[in-house]
Amino acid sequence: MPRYRLNINGAPREVDAPADMPLLWVLRDLVGLRGTKYGCGEGLCRACTVHLGGKAAASCQVPVGEVGARPVTTIEGLGEAGAALERAWIAEEVPQCGYCQPGQIMAAAALLRAKPRPTDADIDAGMPNICRCATYVRIKRAIHRAAEGK
C-alpha cells in the first residue's frame, strides 16, 4: 500500500492508503479528523467540503493519490476565519440539525477569501452546498455578517 505525505491543517501527516481512497475517508478514518462529514458520496451535497490548495473541494471526490503537495485544511484547522464564521453562524441562528454546517462554513471561508465583500449573487454562485433544513437565508445573512466583521 502506498504511503502519502500530506500537509493537513499545517502539520505533516503520513498515511498508508490505496491511491483511490477518497480524501474524506483518509481524514476521518486514518487521521481521526471527524469534523468533515460524509453526505452523499457523490460530491453533490458538499457536506464534505475541505480546502485543497486553498480552494473548496468535495473531499469525497478527491482520491488521496491526487492530493500531492497541495495543503489540506479541514474545519478543525480553519483558525480565525472559521471562528469569525462560527460567530456569525451563531448570531444568525443558522444551524438546525447542524450536520452540513462544517461543509457550509468551509465553503463560506473559501468564498470570503476570494470575495471579501460578496454580493447575494456571489453567495448564490459560491455556495453549492446543500442544507436539508433549508437555512439558506440565514446562511446568506451569516456570510454578510462575517464579511462585515460583526
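The values are calculated or read from the model by the stated rules, or taken from the named source; none is laboratory data. Because the structure is a prediction, the values reported are computed rather than measured. All Cβ positions, glycine included, derive from the backbone under ideal geometry; neighbour counts span all protein chains shown.
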If I filter region 114-132 for residues that are closer than 24 Å to Asn7 by Cα and modelled with pLDDT of 95 or more, do I get at least one hit?
yes
Criterion first (of a type in the set (A, V, I, L, M, F, W, C), crowded, with 17+ Cβ neighbours inside 10 Å and within 11 Å of Gly103 (Cα to Cα)) does Cys48 satisfy it?
yes
Considering only residues that are out of contact with any helix residue (DSSP H, G or I) (no Cβ under 9 Å at 6 or more places or on another chain) and in contact (Cβ under 8 Å) with a residue 60 or more places away in the chain, which ones fall in region 71-111?
Pro71, Gly77, Tyr99, Cys100
Step by step: first the residues of region 126-150, then only those that are buried (at least 16 other Cβ atoms within 10 Å of the Cβ) and β-branched (Val, Ile, Thr), then the one that is nearest to the chain's Cα centre (by Cα). Which residue is that?
Ile130
Scanning region 86-110 for residues that are buried (at least 20 other Cβ atoms within 10 Å of the Cβ) and either among the basic types (Lys, Arg) or under 15 Å from the mean Cα position of the chain (by Cα) (or both) gives Trp89, Cys100, Gln101, Pro102, Gly103, Gln104, Ile105, Met106, Ala107, Ala108, Ala109, Ala110
Being loosely packed, with under 14 Cβ neighbours inside 10 Å and under 17 Å from Lys37 (Cα atoms), is that true of even one residue in region 73-85?
no
So, of the residues in region 1-17 that are free of Cβ contacts under 8 Å to residues at least 24 places away in the same chain and surrounded by fewer than 14 Cβ atoms within 10 Å (Cβ to Cβ), which turns out to be nearest to the chain's Cα centre (by Cα)?
Ala11
